[in-house]
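The values are calculated or read from the model by the stated rules, or taken from the named source; none is laboratory data. The structure displayed is predicted, hence computed values, not measured ones. Cβ atoms come from the backbone with ideal geometry, glycine included; neighbour counts cover every protein chain shown.
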Amino acid sequence: MKIAKVGIIGAGQMGCGIAQVCATAGYHVGLHDMSPERTAAGLANIDANLARRVKSGKLTDDQRKSTLSHISSVTSYENFADYDLIIESATEKEAIKHQIFEAVCPHLKPDCIVSSNTSSISITRLAATTGRPERFMGIHFMNPVPVMELVELIRGIATDETVFQTINEFAKSLGKTTAISEDFPAFIVNRILLPMINEAVYTLYEGVGGVEAIDTAMKLGAHHPMGPLELADFIGLDTCLSVMQVLHEGLSDSKYRPCPLLVKYVEAGWLGRKVKRGFYDYRGEVPVPTR
């Protein structure tokens, strides 16, 4: 099985990052979002990110131009008809992912592999909506995709072994290291990481420490490169909440109950860096704690 053309559905931060690394590795990439404007904005973000890498010496300008030449805008699911691999990278809401798979799969060739970049949702459940569960699996990239070395691979109950081996080789061709996870809620990384972040929010909620104290404690006391609340803002508080809800509902254990303060921040629309306000306020020159 050979992969040459990769379709990315979702031109947000993750989708654009996946498109960038695939194009850099020489794959032809088609990027699609709900509107042409979102796709155009995603392509502009990729261009800006590549320009920063050129400026920092991590990439040559010729490599930047080559990468951009491998990415095109796809306006309709029908245009994915001759693609070899589809990677869904929409918001972490199961109903939305189901809608995408039900809409795109009828337009794909029979041997096209379909996958999801979900960070927590059951691969077996998602596969059931595609009509091709044996050609479906989870490919979970880490954020930011161009920088992080790991890709989690998750098979559904029906995933064909040849499909798994093909995707394993594909991920490695991107310069990534793969970790194989069973299809349990939140897989490996988020099963460990998100409860830590949720516990940090509880620590803030209960007044044990302030935002800066908690982040400083974990950066200097545990040698984490980023404090848990700063990391939550980077991930997106809505995504953090979604993963905790999947863990809580999927494993029925009270230790995964989302912190009420996390819920409150999401309800307020304070979702982190992407809206310039979360556990820190990013609207000024220097981030300021909001509690």
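So here's what we get for this one:
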{"quantity": "Qualifying residue in segment 176-185 (condition: surrounded by fewer than 16 Cβ atoms within 10 Å (Cβ to Cβ), touching a residue at least 40 places away in the same chain (Cβ under 8 Å) and either under 21 Å from Glu92 (Cβ atoms) or outside the structural domain of Phe80 (by TED's automatic domain parsing) (or both))", "calculated": "yes"}
{"quantity": "Residue match in segment 61-69 (condition: in contact (Cβ under 8 Å) with a residue 12 or more places away in the chain, surrounded by fewer than 20 Cβ atoms within 10 Å (Cβ to Cβ) and either touching a Gly at 6+ places or on another chain (Cβ under 6 Å) or among the charged types (D, E, K, R) (or both))", "calculated": "yes"}
{"quantity": "Total residues in segment 199-233, condition closer than 21 Å to Met142 by Cβ and surrounded by fewer than 16 Cβ atoms within 10 Å (Cβ to Cβ)", "calculated": "7"}
{"quantity": "Output for segment 53-83, where each listed residue is over 21 Å from Leu31 (Cα atoms) and acidic (Asp, Glu)", "calculated": "Asp61, Asp62"}
{"quantity": "Helices (runs of 4 or more DSSP H) (entirely within segment 192-291) containing at least 1 residues that are over 22 Å from the mean Cα position of the chain (by Cα) and polar (S, T, N, Q)", "calculated": "211-221"}
{"quantity": "In segment 144-175, the residues that are closer than 25 Å to Ala232 by Cα and surrounded by fewer than 17 Cβ atoms within 10 Å (Cβ to Cβ)", "calculated": "Pro144, Val147, Met148, Glu149, Leu150"}
{"quantity": "Cross-chain or 6+ apart pairs with Cβ under 6 Å, segment 1-17 first and under 18 Å from Asn49 (Cα atoms), then in a strand (DSSP E or B)", "calculated": "Ile8/Leu31; Ile8/Ile87; Ala11/Leu31; Gly15/Ile8"}
{"quantity": "Of residues in segment 131-143 being surrounded by fewer than 23 Cβ atoms within 10 Å (Cβ to Cβ) and within 17 Å of Ile8 (Cβ to Cβ), the one modelled with the lowest pLDDT", "calculated": "Asn143"}
{"quantity": "Residue list for segment 152-164, restricted to those being of a type outside the set (Lys, Arg) and touching a residue at least 12 places away in the same chain (Cβ under 8 Å)", "calculated": "Glu152, Leu153, Ile154, Gly156, Ile157, Ala158, Thr159, Asp160, Thr162, Val163, Phe164"}
{"quantity": "The lone exception for Tyr265 - which of (1) touching a helix residue (DSSP H, G or I) at 6+ places or on another chain (Cβ under 8 Å); (2) closer than 24 Å to Glu152 by Cα it fails", "calculated": "(2)"}
{"quantity": "Residue within segment 230-241 that is out of contact with any strand residue (DSSP E or B) (no Cβ under 8 Å at 6 or more places or on another chain), without any contact (Cβ under 8 Å) to a residue 24 or more places away in the chain and outside the structural domain of Thr118 (by TED's automatic domain parsing) present", "calculated": "no"}
{"quantity": "Residues satisfying the stated conditions in segment 1-17, i.e. crowded, with 24+ Cβ neighbours inside 10 Å and either at negative phi or part of a strand (DSSP E or B) (or both)", "calculated": "Val6, Gly7, Ile8, Ile9, Ala11, Met14, Gly15, Cys16, Gly17"}
